[in-house]
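Beneath this line is the structure, given in structure tokens, with notes to follow.
Read-outs throughout are calculated quantities, based only on the coordinates presented, and are distinct from any laboratory measurement. Just so we're clear, the structure is a prediction, and the values are computed from it rather than from any experiment. Please note: Cβ atoms are built from the backbone with ideal geometry, for glycine as well, and neighbour counts cover all protein chains shown.
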There are 2 protein chains.
Amino acid sequence: MPEDNKLLYYINKWTSISEADEAKILSAFEPISIKKRKDLLVSGQVCNYLYFITTGCLRSSYIDSKGAEHVYQIRMDNNWIGDIDSYFTRQNSKYTIEALEDSNLLRISVDRLEQLFVEIPNLERYFRILFQKAYINALNRLSATMWETAIDRYNEMLKEHPEIFQRVPLVHIASYLGITPESLSRIRRQV
Amino acid sequence: MPEDNKLLYYINKWTSISEADEAKILSAFEPISIKKRKDLLVSGQVCNYLYFITTGCLRSSYIDSKGAEHVYQIRMDNNWIGDIDSYFTRQNSKYTIEALEDSNLLRISVDRLEQLFVEIPNLERYFRILFQKAYINALNRLSATMWETAIDRYNEMLKEHPEIFQRVPLVHIASYLGITPESLSRIRRQV
DNA sequence: TCAAACACTTGACCTATGGTAAGAAATAAA
DNA sequence: TTTATTTCTTACCATAGGTCAAGTGTTTGA
């Protein structure tokens, strides 16, 4: 499958888009590249784009009131990243999104996306399903965080997303799991 | 505002529906009542309906692998409740939804809802926005659970949803906050 | 190529919250 | 009104995970 068709492939997994509309969608996205350790979004700015990761790996994090940094999301190939709250409301974001690897992305502005929603109802359907699934995942992660041990969460992540352990430093994985790197280190020794 | 128009009022807050379509939507929902302490959904069943709460209060909970019950959601007037994962996938739900007060609901089946999505794209838009917001909320709750103290979460909830404390037993609130009723009790004494 | 920065581990100690058990207060039922 | 049930609090001890501090490899970049 050609690089720039991955996006359409994933959209068509959940709804059907005509060839004419496919072209319209592709032309609305702008391909960009970002180098490892560079920021895609800096806390305090408005998130002007929503990004589809064609290749690479990024993390989204924020600084809490005590100055501690927490990793919110780690996203790799064929996933979306951005702060959708800031993106749709035009409020400043509290998140910083940093590339953990050199990455290639497709980006789209809100105006362009909302225009597409009107022109192509099935694209809005795709996003309805996307957010629906994201919501379900967030609730599952929430219940694991609230009511399972760090060991269980670690094992679950190892089973579900083994690639992440090959590509992402453990500090970020620990933070994503809601524990310190020290605790993660102890868990890994135990297992 | 008449009881049965609240649903349309909330939908029209985020998108615009024609009068003809409003009638179509209303006729697709079936009003039902449920008594306090009765179950709307029992764990192990498929969630056949999505519910809009016109008046009342319900909680959604699940039993973990160690047999402990955890409260997932507490929802009151003018909110949606149901297990959307089970609802859309037709898999058995792990959740039980119980009425905490005598409640009046409007329910709709998936078939009917998906039919409406095709007929009324703006209704699907409403759900896109609904899930988008639900996702953002779930992430905020996740970060509070992971990185804030139980005291902060309690104060936040007291500030944002004081009504809940008037209407819901503290056991359920404690569970929703991810702590034991004993801990909640200690926090309340402290504050 | 060599210093600086990063990534990971280990140990000693601390703290927020959990578990258990029991009793008081409030609410519902008879 | 009396009894039963639910709701909430308190006390004591246990523990998962955090904090601080130090140390070893491993990248990175000038």
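Using Cα-only point scatterers and the Debye equation, what is log10 of I(q)/I(0) for the protein assembly as shown at each q in 0.08, 0.10, 0.14, 0.15 Å⁻¹, rounded to two decimals? Debye curve over Cα of the protein assembly as shown, log10 I(q)/I(0) at q = 0.08, 0.10, 0.14, 0.15 Å⁻¹: -0.45, -0.73, -1.42, -1.56.
Taking amide H atoms as placed 1.01 Å from N in the peptide plane, the amide H of residue B:40 lies under 5 Å from those of B:97, B:98, B:99, each 5 or more residues away in sequence or on another chain. Plainly put, the tip 7 Å out from Cα toward Cβ on residue B:133 is 2.4 nm from that tip on each other copy, the closest given first.
Looking at the stretch A:115-191, none of the trypsin sites (Lys or Arg not before Pro) sits in a DSSP loop with at most 13 other Cβ atoms within 10 Å of its own Cβ. Amide H contacts of residue A:57: A:100, A:101, each under 5 Å away and 5 or more positions distant or on a separate chain (H built 1.01 Å from N in the peptide plane; Pro and chain starts excluded). Of the complete DSSP H runs in chain A, those spanning 24 angstrom or more by Cα along the long axis with a mean Kyte-Doolittle score not below -1.0 are A:121-147. Summarising the overall dimensions of the stretch A:80-172 from its C-alpha atoms, the Rg and Dmax are 16.6, 47 angstrom. The modelled label-to-label distance for the pair residue B:23/residue A:148, using points 7 Å beyond Cα in the direction of Cβ, is 5.0 nm. Over all directions, the projected convex hull of the C-alpha atoms in chain A averages 11.5 nm² in area. Ranking of A:89, B:149 by neighbouring Cβ atoms within 10 Å, starting from the fewest: B:149, A:89. Arranged from fewest to most other beta-carbon atoms within 10 Å of their beta carbon, B:16, A:43, A:61 become B:16, A:43, A:61. Which whole-angstrom value gives the distance between the alpha carbon centres of the stretch A:70-86 and the stretch B:46-84? Cα centroid of the stretch A:70-86 versus Cα centroid of the stretch B:46-84: 27 Å apart. Measuring r between the beta carbons of residue B:63 and residue B:10 and using R0 = 30 Å, the FRET efficiency lands at 0.40. By the beta-carbon count within 10 Å of each Cβ, the least crowded to most crowded order of B:51, B:62, fewest first, is B:62, B:51. Just so you know, the Rg over Rh for the stretch B:3-109 is 1.01, from Cα atoms, with Rh as the Kirkwood radius.
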